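Take a look at the structure below.
The values are calculated or read from the model by the stated rules, or taken from the named source; none is laboratory data. This structure is a prediction, so every number in the text was calculated from the model and none was measured. Cβ: placed from backbone, ideal geometry, glycine included. Neighbour counts: every protein chain shown. All accessible areas refer to the heavy atoms of the entire protein, side chains included, with ligands and DNA or RNA removed. Shrake-Rupley method; radii C 1.70, N 1.55, O 1.52, S 1.80 Å.
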Amino acid sequence: MKTFFQYITLAGVALAATLACTKENYGDAPKPWDETANYFASADEKGFSTYYTPAIGRVGDPMPFYDGKAGEFKVLYLQEYDNNATYNFHPIWGVSTQDGASYVSLGEVIPVGASILEQDAAIGTGCCVYNEADALYYIYYTGHNGNCTNREVILRATSPDFTTWTKDLLWAMKGDDFGYSKEDFRDPQVFKADDGKWHMVISSNLKFADFVSDDLKTWSHVGSFNMVWDRMCECPDVFKMGDWWYFIYSEGYRAPWSRKVKYMMADSWQGLKDCFGNPGAHWPQDMHDGVLDSRAFYAGKTASNGTERYIWGWCPTRTGATIFDRNVNVGAASEPNWSGALVCHKILQKADGTLTLGEVPAMAAKYNKSKTVKVMASNGATLNGVNGSLKGDDAYILYNRLDAHNHLSFKVTTSNNWDKFGISLVRGTDSKKYYTMVVNPEWEDGRKVNFEEEGEEGKHFIEGVDGYNFARPANNEYKIDIYTDNSVVVMYINDVCAYTQRIYGIQKNCWSINNYGGSITVSDLAVTLY
């Protein structure tokens, strides 16, 4: 008679034999990825760690805050699910980070109301501040409920330790009490101005409401100022950096050229408000008209540790039956999908006070594993290792497959002021469609990043996620850094351009640098991973 343990042993041997046969029969040996260059249908991981995405759900409007007591940034956000309840949605969740490149989940911070009749049955954007006077953290947020008399009101919760939160059930700020809308009264942002008082800005149907407080408890209405012309502006953020005051906002106007994160600047808080009286006359003199990123970066708000200031926004997901459908379904005719991955940039302040976005310093340190780069195919190229020169309309260098998390770094030098080049992803030697970020000469001294689906079956220019104007470098040298985390990609050019995009299928596929007429030189190319 066989014992129980003999049965277990025999079963284990049988299982091992079965697995061995399966592996032999179905060819599961490691594939020589870097020896091939055909298209591969890859998929995202569950959860991203650089451009943070929870394993379940997505990141909605971020509310960053620097917690001086803990010595870290905390980024609150609206947690979005595929199966949100009809009335109860968007609880506030959070992550913490030291550097904007890696995150630890804090879980749920503020839950939605328990009943569909409560004012915060659904929650909208807000902000967090710490008040040293009473040693309390305050979160001001939007209570959203179409079943209530006021669809949107401002609510608050407090905590002594950022762990246990108490909703202030006896307090609410209603827009119609001050002459504003019952329907649109949301996105409170609290900050201190030069007068030492707390100020709160609230978005409400084409106006910003302005409130002031001495103690974060009692608020007085001090007036309003216009939004940008006839466009709803959301997620306001106000801060001082050096000698300048800045007002960052997300323009809700759905035209693809307009729905982006923008800013105004002035030498005082009052001056910022005055900018909106005639916005066109007060755009920052930065050649960008105050635009900070592409349409694939939205709801951006900032936080500073006293040394560096970062901005967090979300990069939307795309929908479609295939990777190719999703990559061109960018919402050009209306609004992109709401919520996605958390993207962080560093705020760069120029000598004249204007702003651009740059890479978070910790990103390069995180992506520190070198990858061997190989040339898989080329046309119109004179190669010098993996670098070289490209000449002609269809000139390109195709490089070996990428991983899930990549840092591409290189320099492109154009031969004249009109040369055009691009970087393609999800490209194989057999691809009839692939996706290109084109550095396009809008005029001799101006450039813009366009998004194109290239290839013989491609749609070419895709309206809705092109970038914004930036100055051609005087020496025609473009220092380019591209970071990817699964399907999220961010490209930086010369500290004057940040371009965020969602492109599915980047991982395990080849990529290329392309030239379109004229000639370019590629140098200093390197790829690193984490």
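Derived from the Cα gyration tensor, the three semi-axes of the equivalent ellipsoid of region 411-479 are 24, 14, 9 Å, largest first. Only DSSP H runs of four or more residues enter the estimate; each adds -39500 (n - 2.57), and after division by the residues of the chain the mean residue ellipticity at 222 nm equals -2500 deg cm²/dmol.
Computed 3J(HN,Hα) for region 174-186, one whole-Hz value per residue from the Karplus formula 6.51 cos²θ - 1.76 cosθ + 1.60 where θ = phi - 60°, is 10, x, 5, 5, 10, x, 9, 6, 7, 8, 10, 8, 8, glycine and proline marked x.
Heavy atoms only, probe 1.4 Å: what % of the accessible area of region 212-264 goes to carbon and sulfur, would you let me know? Working shown, then result.
Values: 950 of 2010 Å².
Answer for region 212-264 is 47 percent, counting heavy atoms of protein chains only.
Cross-link partners for residue 433 among the aspartates and glutamates, with Cα-Cα distance under 14 Å and sequence neighbours closer than 8 places in the same chain left out: 325, 452, 453, 454, 456, 457.
Taking the Cα centre of region 279-434 as reference, the dipole from Cβ charges on Lys and Arg (+1) and Asp and Glu (-1) amounts to some 540 debye.
Here the Kirkwood formula puts the hydrodynamic radius of region 94-206 at 15.2 Å, using every distinct Cα pair. Positive-end ranking of 129, 294, 102 along the dipole of the chain, with charges on Cβ about the Cα centre, is headed by 102. Each residue of region 215-229 is assigned a 3J(HN,Hα), and the resulting list reads 9, 6, 10, 9, 10, 10, 7, 10, x, 8, 8, 6, 7, 7, 6 Hz, derived from the Karplus form 6.51 cos²θ - 1.76 cosθ + 1.60 (θ = phi - 60°), x at Gly and Pro.
Taken over the chain, the alpha-carbon convex hull comes to 188 cubic angstrom per residue.
Per residue, the accessible area of region 263-398 comes to 38 Å² when a 1.4 Å probe rolls over the protein heavy atoms. The portion of the accessible surface of region 449-530 made up by carbon and sulfur, rounded to a whole percent, is 47 (1.4 Å probe; DNA, RNA and ligands excluded).
Order 373-379, 194-200, 421-427, 506-512 from most to least packed using the mean count of other Cβ atoms within 10 Å.
Highest mean packing first, the order is 421-427, 506-512, 373-379, 194-200.
Which percent of the accessible area of region 136-179 is formed by carbon and sulfur heavy atoms (probe 1.4 angstrom)? Don't jump to the answer; show the numbers that get you there.
On the way: 980 of 1970 Å².
Carbon-and-sulfur percentage of accessible area, whole number: 50.
Selection among 322, 233, 193 by position relative to the dipole of the chain gives 322 as farthest towards the positive end (Cβ unit charges, Cα centre). Angle of helix 4-26 to the longest C-alpha principal axis of the chain, folded into 0 to 90 degrees and rounded to 10: 70°. Taking all protein chains as shown and a probe of 1.4 angstrom, residue 433 keeps an accessible surface of around 60 Å². Within the full protein context, the accessible area of residue 262 is estimated at about 10 Å² for a probe radius of 1.4 Å. The aspartates and glutamates within cross-link reach of residue 411, meaning a Cα-to-Cα straight distance under 12 Å and a gap of 8 or more places when in the same chain, are 477, 481, 524. A dipole drawn for region 425-483 from +1 and -1 charges on Cβ atoms has a positive end, and of 476, 434, 446 the residue lying farthest that way is 476. Among the GluC sites (Glu not before Pro) found in region 451-510, those both in a DSSP coil and sparsely packed, with 13 or fewer other Cβ atoms within 10 Å of their Cβ, are 456, 457. For region 71-184, the solvent-accessible area works out to 43 Å² per residue, with a probe of 1.4 Å and every protein chain left in place. Charges were assigned to the Cβ only: +1 to each Lys and Arg, -1 to each Asp and Glu. The resulting dipole of region 224-271 about its Cα centre is roughly 240 debye. Computed about its Cα centre, the charge dipole of the chain is approximately 1080 debye, with only Lys, Arg, Asp and Glu carrying charge at their Cβ.
How high is the FRET efficiency between residue 281 and residue 524 when r is their beta carbon distance and R₀ equals 30 Å, given to the nearest 0.05? Don't skip to the end; give the middle numbers.
Values: r = 42 Å, r/R0 = 1.39.
The computed FRET efficiency comes out at 0.10.
Could you give the length gained on full extension between residue 459 and residue 258, defined as 0.36 nm per residue of separation minus the Cα-Cα distance, in nm? The partial results should precede the final answer.
On the way: separation 201, 0.36 × 201 = 72.36 nm, distance 2.21 nm.
Extending this stretch completely gives an extra 70.2 nm.
The accessible area of residue 182, taken with all protein chains in place and a 1.4 Å probe, comes to roughly 80 Å².
Probe of 1.4 angstrom, ligands and nucleic acids ignored: what's the accessible area per residue over region 196-248, in square angstrom?
Numbers: 1960 Å² over 53 residues.
The answer is 37 Å² per residue.
Among the listed pairs 46/69; 46/369; 262/350; 192/346; 260/369, those whose Cα-Cα separation exceeds 25 Å are 46/69; 260/369. When only Cα pairs under 8 Å and 6 or more residues apart are kept, what is the percent relative contact order across the chain? Computed value for the chain: 14 percent relative contact order.
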